[in-house]
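The values are calculated or read from the model by the stated rules, or taken from the named source; none is laboratory data. Computed from a prediction, not measured in an experiment: that's the story for all the values here. Glycine gets a Cβ as well: all are built from the backbone with ideal geometry, and neighbour counts include every protein chain shown. When the accessible area is computed, the model is the full protein with side chains, heavy atoms only, and any ligands, DNA or RNA have been set aside. Shrake-Rupley method; radii C 1.70, N 1.55, O 1.52, S 1.80 Å.
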Amino acid sequence: MATSKEYRDFIVEQFAPSDGITSRFMMGEYLLYRQGVLFGGIYDGRMLVKITNGNKKFGLSTAIPYDGAKPMYIIEDVENSELMREIAQCTSEDIKSGKNK
């Protein structure tokens, strides 16, 4: 099931303009970038982020974004913009610095 543009808009609006969150449409889903770093995506109407050492502290559950993909963390409380911003920042900074393993 493809993610709707309206849901993508809702997710992106949860972040502040200064967060630098952008999205890219790909095969019915949306990849999410923070300041140019791919940190997650919206898959089947679910907000998922890559697993890094730093974001393990949030205690998120894992989910598979699509068949054959590696597990990612799912953010279920997408209305909590403060938490979403913190997770996106932590995840993207880990990836950028190479601390994602």
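Using helices alone, I'd like the mean residue ellipticity at 222 nm for the chain: each DSSP H run of four-plus residues gives -39500 (n - 2.57), total over residue count, nearest 500.
-8000 deg cm²/dmol
Considering only protein heavy atoms and a probe of 1.4 Å, how much of the accessible area of region 12-93 is carbon and sulfur, as a whole percent?
About 48 percent, which is the carbon plus sulfur part of the accessible surface.
What's the lysine pair count for the chain at a Cα cut-off below 21 Å, pairs eight or more apart or interchain?
15
At a probe radius of 1.4 Å, what is the per-residue accessible area of residue 13, in Å² to the nearest 10?
Surface open to solvent at residue 13 totals about 130 Å².
With a 1.4 Å probe and all protein chains in place, put 66, 33, 73 in order of accessible area, largest first.
If we order 66, 33, 73 from most to least accessible, we get 66, 33, 73.
Per residue, how much accessible area does the chain show when a 1.4 Å probe rolls over the protein heavy atoms, in square angstrom?
58 Å²
When the chain is fully extended, how far beyond the present Cα-Cα distance does residue 31 get from residue 53, taking 0.36 nm per residue of separation?
Here the answer is 5.8 nm.
What distance in nm separates the simple spin-label points at residue 76 and residue 6, each placed 7 Å from Cα in the Cβ direction?
Spacing of the two 7 Å Cα→Cβ label points: 2.4 nm.
Mind giving me the FRET efficiency for residue 67 and residue 22? R0 is 22 Å, r the Cβ-Cβ distance, nearest 0.05 is fine.
0.25
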